[in-house]
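Got a structure here, written out as structure tokens. Questions coming.
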Amino acid sequence: MNKVCIDEVSLANKRVLIRVDFNVPLEQGRVTDDTRIRETLSTIRYARHQKARVILCSHLGRPKGKPSPELSLRPVAVRLSALLGEPVGMAEDCVGETVHEAVAKLSAGEVLLLENLRFHPEEEQNGAEFSRALAGLCDVYVNDAFGAAHRAHASTAGITRFVPVAAAGFLLRREVEHLGKLLTAPEHPFVAVLGGAKVSDKIGVLQNLIGKVDTFLLGGAMAYTFLKAVGCSVGSSLVEEDKLAVARETMKAARAAKVAFLPASDHVVAERIQPNPPTRVVDGPEIPEGWMALDIGPKTREAFAVVIRGARTILWNGPMGVFEVPPFHEGTWAIAAAIASSGATSIIGGGDTAAAVTRAGVADKMTHISTGGGASLEFLEGKELPGIAALTDKK
Ligand code: ADP
Ligand code: MG
């Protein structure tokens, strides 16, 4: 990575503000999935051991620029404290006099979590005064919030203009190294397994990977826009009518680049999405009227597994079916198992795909599970992420 990293900066006794992505799911004031917190522990622990005075800041949810008690980061401070085995202080706000006082009281190795950045509209507006106020809290700024790096906000971009050094945290560096290698130096064969809800979410990634991957495997709802585009009957499967033309162009470009493009060839169909409804397997391009494809069929699972077994690098983004509703998880589980036992470098992107891999019980078999949904997509589209671009360049 061509940006300064936290381990290249002296932290002892400095006030170190770390932008983290603690945008975690909460239910009744409790954190229900602490993956994002755990993924950034290495950075926080490192800063503590270097005797930094550690200040953490994050957004949570969409409070629309005003304080909202149910989106307080307090429950996160509780969970973080349990994970660290150390007390974590909680500030009442993220800027202002009381925060300055709390920061001034921090001794080396102590941790203070600031309140939700998005309680202030200036955070998402990337306001200069707000950026300056955040910068005023610290001597060193560190960005470890890969999940927010695609946003040019005050705490991810604006702040870097007002601090002496803006360094990458370990999680951000891990993400950039794993995802970056897919684009610059993947080991071949490189197979991209794409699925999920919408073509429009993933088309940019598909296009950017043409010429880089050897094979596309296509499942999930997005496969049906591609299948319809080549004249298949897709019944009442999800289709983005306004994406048929771009789907055709993309397939043409893949053909021209000699990239294999394999959409699902058989399908588990039902009349509606509900747990355990009557289902049929349709083999071939004719899904009957009134039936919708909700999972890849057994032949597709086997065909995809064969390609996966031969891969050296695999990117998986997007579940193969409606994995939240049984039995339409089976295709996704089969692909998860195939990737887990492939021996290939396996990179997982997308929030739902990460959840599926976890529920399938194979998360620890994957090389890297990205913590950034939108950020990982934009990265793989080849875009420069503002939160990364704004960091201090290595000399
Ligand atoms: P990710 O978060 O990993 O990027 P997406 O958000 O793109 O994945 O897609 C996940 C969603 O796609 C899931 O909610 C799943 O139910 C839905 N989905 C997958 N296959 C189908 C299908 N055949 N029909 C309808 N929805 C589908
Ligand atoms: Mg999703």
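The values are calculated or read from the model by the stated rules, or taken from the named source; none is laboratory data. What you see is a predicted model, and the numbers here were worked out from it, not measured in a lab. With ideal geometry, Cβ positions are generated from the backbone for all residues, glycine too; neighbour counts draw on all protein chains shown. Areas reflect the complete protein model, heavy atoms only, side chains present, ligands, DNA and RNA absent. Shrake-Rupley method; radii C 1.70, N 1.55, O 1.52, S 1.80 Å.
May I ask you to derive the relative contact order of the chain, considering only C-alpha pairs under 8 Å and at least 6 residues apart, and to give it as an integer percent?
Result for the chain is 16 percent.
Follow-up. In nanometres, what is the gap between the two model label sites at Ser107 and Glu8, each 7 Å from Cα along Cα-to-Cβ?
3.4 nm
Something else now. Greater than 31 Å separation of Cα atoms is the criterion. Which listed pairs, Lys64/Lys181; Lys3/Lys243; Lys181/Lys243; Lys202/Lys299; Lys198/Lys258; Lys198/Lys252, meet it?
Lys64/Lys181; Lys3/Lys243
Taking Cα pairs under 8 Å and at least six residues apart, what relative contact order does region 112-173 come out at, in percent?
Answer for region 112-173 is 39 percent.
Could you work out how far helix 330-340 tilts from the main Cα principal axis of the chain, as a 0 to 90 degree angle to the nearest 10?
On a 0 to 90 degree scale, this one is about 60.
Within region 51-154, report the GluC sites (Glu not before Pro) that DSSP leaves as loop and that have at most 15 other Cβ atoms within 10 Å.
Answer in residue order: Glu92.
Report the dimensions of region 186-380 along its three principal axes from the alpha-carbon atoms, largest first, rounded to Å.
42, 38, 29
Once the Cα gyration tensor of region 6-174 is diagonalised, what are the square roots of 5 times its eigenvalues, in whole Å and ordered largest first, as equivalent ellipsoid semi-axes?
Taking √(5λ) for each Cα gyration eigenvalue gives 20, 19, 15 Å.
For a quick check of your reading of the filter: which GluC sites (Glu not before Pro) in region 160-193 sit in a DSSP loop and have no more than 12 other Cβ atoms within 10 Å?
Sparse-neighbourhood loop GluC sites (Glu not before Pro): Glu187.
Calculated from DSSP H runs of 4 or more alone, at -39500 (n - 2.57) each and per residue, what is the 222 nm mean residue ellipticity of the chain, nearest 500?
Helix contribution divided over all residues of the chain: -10000 deg cm²/dmol.
Give me the percent of accessible area attributable to carbon and sulfur for region 6-174, probe 1.4 angstrom.
About 47 percent, which is the carbon plus sulfur part of the accessible surface.
So, one more: Report the relative contact order of region 268-395, percent, no decimals, based on alpha-carbon pairs under 8 angstrom and at least 6 residues apart.
19 percent
Once you place label points 7 Å from the Cα toward the Cβ at Ala82 and Lys66, how far apart are they in nm?
Each label point is offset 7 Å from its Cα along the Cβ direction, giving 3.3 nm.
To make sure I understand the rule: partners must be aspartates and glutamates, Cα under 17 Å from the Cα of Lys228, and not fewer than 8 residues away in the same chain. Which ones qualify?
Result set, ordered by chain and number: Glu240, Glu241, Asp242, Glu249, Asp266, Asp283, Glu286, Glu289, Asp295.
State the answer as a single residue: which of Val78, Ser10, Thr35 lies farthest towards the positive end of the charge dipole of region 1-89, with beta carbon charges of +1 for Lys and Arg and -1 for Asp and Glu, about the Cα centre.
The Cα lying farthest towards the positive end belongs to Ser10.
Within region 242-290, report the trypsin sites (Lys or Arg not before Pro) that DSSP leaves as loop and that have at most 13 other Cβ atoms within 10 Å.
Lys258, Arg272
Give me the one-decimal Kirkwood hydrodynamic radius in Å for the chain, with the sum taken over alpha-carbon pairs.
Result for the chain, one decimal place: 22.2 Å.
Could you state, as a whole-number percent, how many of the C-alpha pairs of region 133-262 are farther apart than 17 Å?
When all Cα pairs of region 133-262 are counted, 67 percent exceed 17 Å.
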